[in-house]
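As C-alpha cells, the structure follows; a few thoughts come after it.
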Amino acid sequence: MISQADTSAYADLIVHSDEVRSALELGKPIVALESTIITHGMPFPRNVETARQVEADIRAEGAVPATIALMDGKIMVGLDDADLDRLARAEDVMKCSRADMTFALATGRYGATTVAATMMAAELAGLKVFATGGIGGVHKGAETSFDISADLDELGRTPVCVVCAGAKALLDIPKTLEVLETKGVPVIACGTDELPAFWSRDSGLKAPYRLDTAKEIADLLKMRTRFPGHGGVLVANPVPEGDEIPGAEMAGYIDTAIAKADAEGVRGKDVTPFVLGAILDLTDGRSLATNIALVRNNARLAARIAVKLV
Ligand code: PSU
Ligand code: MN
C-alpha cells in the first residue's frame, strides 16, 4: 500500500481537483473513474452528461469522485467542469493504457486513461477503489492476434479494487477468467453466482467467488492488503435487471460488429472503441442506455465499498 509519504514523490506530476485534495486531507472515501469511457466509449454529449451523472451518484453515496485523465503533462486526479469540458471537446485524445501513459505525459498530449492507466494513476494518488463499465480482456481469436488487454496485467500487479459490470461478451470470457486466475486476481461477483457479461446479467459462466454486500467486499480488500505485493481485485456487478440486453440477443450484434472490424482491418487499441460504436448503431442506441445504467450502478457500489474501507 502506498502511504501519504510515498505519494508526495509524485506531487509535481499530479494535479488534484480542489474536491479531491480536500477529501485526501480529510481521509474521506474517494472513487477513481476512468476517462477512456468518456472520449472513446460514448458519443458527445452523452459522454459528458454521463460523466457528471456518475460523479453525482458517487457523491450521493457519501464519497468523492476522482475522474482521471492526462492533460498538459500532468496526471489529473479529479476533473472540474472546465477540465472535463476541455477533455471531451479536445481532438486527437490518446487512448492511454500502461504503454501509452509516459508518451502522453512526456509530450503533453491529452490522454484518456483506460482501466490499466487509471489503476496506475490511482495507486500513485493513494486511491483504493475505482469504478468503470467493463474491463478489457482476452479478445476472441487472441490465439492468433495476441490481443490481450493490458488491463489484466495491471489487475495482477496494482493494488486497486476495480468495480465493473463483468467482461464484455465481445471478449473471450473463459480465457479472460483463466488469465485473471493466473495473475492471482480475485474475481468477485456481487449479489450473483454468475459472472456478469456487461450488457447482460449472465455470461453462462459461474463467477469464481460471490459476495453480497459492500461491507463484505471491503473486508476482503482489507485482508488482501496484508499480503506483500498483492495486486488488484475485480468486482463484477451485474447490470440492473430492467436495463439489460439479453446475451442471446447481444451475441448477434457482437458477431456482426467483430466481422465489420475484421473486414475494415481495425487492429490493436482501436478494436474496442470501433466494436462499441458498431454495436451502438446496431442496437439503435439501446446499448448506450444499458452502458450508462451499468456505469452508474458500478459507481454506486464502488462508493459504498470506499465508504466501508475508511
Ligand atoms: N468498455 C467500455 N467502454 C470503454 C472501455 C471498455 O464499455 O471505453 C475501455 C476501458 O477503458 C478499458 C479499455 O480499459 O476499453 C480496454 O481497451 P484495450 O482492450 O485496448 O486494452
Ligand atoms: Mn488490445
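Helices from the chain with mean Kyte-Doolittle at least -1.0 and a Cα length along the axis of 27 Å or more, per DSSP H: which?
Details: long enough: 286-309 (35 Å, 0.40).
Once both thresholds are applied, what remains is 286-309.
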Quarter of the surface of the C-alpha convex hull for the chain, i.e. direction-averaged projected area in nm², equals 14.4
Multiply the residue separation of E249 and M223 by 0.36 nm, subtract the distance between their alpha-carbon atoms, and state the gained length in nm to one decimal.
5.4 nm
Aspartates and glutamates with Cα under 15 Å of K308, excluding same-chain neighbours fewer than 8 positions away
E61, D212, E216, D219
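Please report the antiparallel percentage of DSSP beta bridges with both residues in the chain, rounded to the nearest 5. Before the final figure, lay out each step's value.
Details: 11 of 38 bridges.
For the chain, the DSSP antiparallel bridge percentage is about 30.
By the scheme Lys and Arg +1, Asp and Glu -1, what is the net charge of all other residues having a beta-carbon under 15 Å from that of G62?
On the way: positive: K28, R59, K215, R300, R304, K308; negative: E19, E55, D57, E61.
Net of charged neighbours comes to +2.
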Low-density loop positions, GluC sites (Glu not before Pro), segment 53-152 - DSSP coil, at most 16 other Cβ in 10 Å:
E91
Restricting to Cα pairs below 8 Å that are 6+ residues apart, what does the relative contact order work out to for the chain? Please round to a whole percent.
20
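Do any trypsin sites (Lys or Arg not before Pro) in segment 209-283 lie in a DSSP loop with no more than 15 other beta carbon atoms within 10 Å, and if so, which?
Those that pass, being in a loop and sparsely packed, are R226, R267.
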Just add up the charged neighbours of V93: K/R +1, D/E -1, any other residue whose Cβ is under 14 Å from the Cβ of V93.
-3
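Using a cut-off of 12 Å between beta-carbons, work out the net charge of the residues near K222 (Lys and Arg +1, Asp and Glu -1, K222 not included). Provide the component values of the computation, followed by the final result.
Details: positive: K128, K215, R224, R226, K308; negative: E216, D219.
Taking every other residue near K222 into account, the sum is +3.
Given the rule -39500 (n - 2.57) for each run of at least 4 DSSP H residues, summed and divided by the residues of the chain, what is its mean residue ellipticity at 222 nm, to the nearest 500 deg cm²/dmol? Walk me through the intermediate numbers first.
Values: 13 runs with 144 residues, N = 310.
Rounded to the nearest 500, the figure is -14000 deg cm²/dmol.
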Pairs from K128/K168; K28/K222; K168/K269; K140/K175 whose Cα-Cα separation, in the structure shown, is over 19 Å:
K128/K168
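Any read-out appearing in this document is the output of simple, stated calculations on the displayed coordinates, not a laboratory observation. Here the structure is a predicted model, which means the values were calculated and not measured. Glycine also receives a Cβ, built like all others from the backbone with ideal geometry; neighbour counts cover every protein chain displayed.
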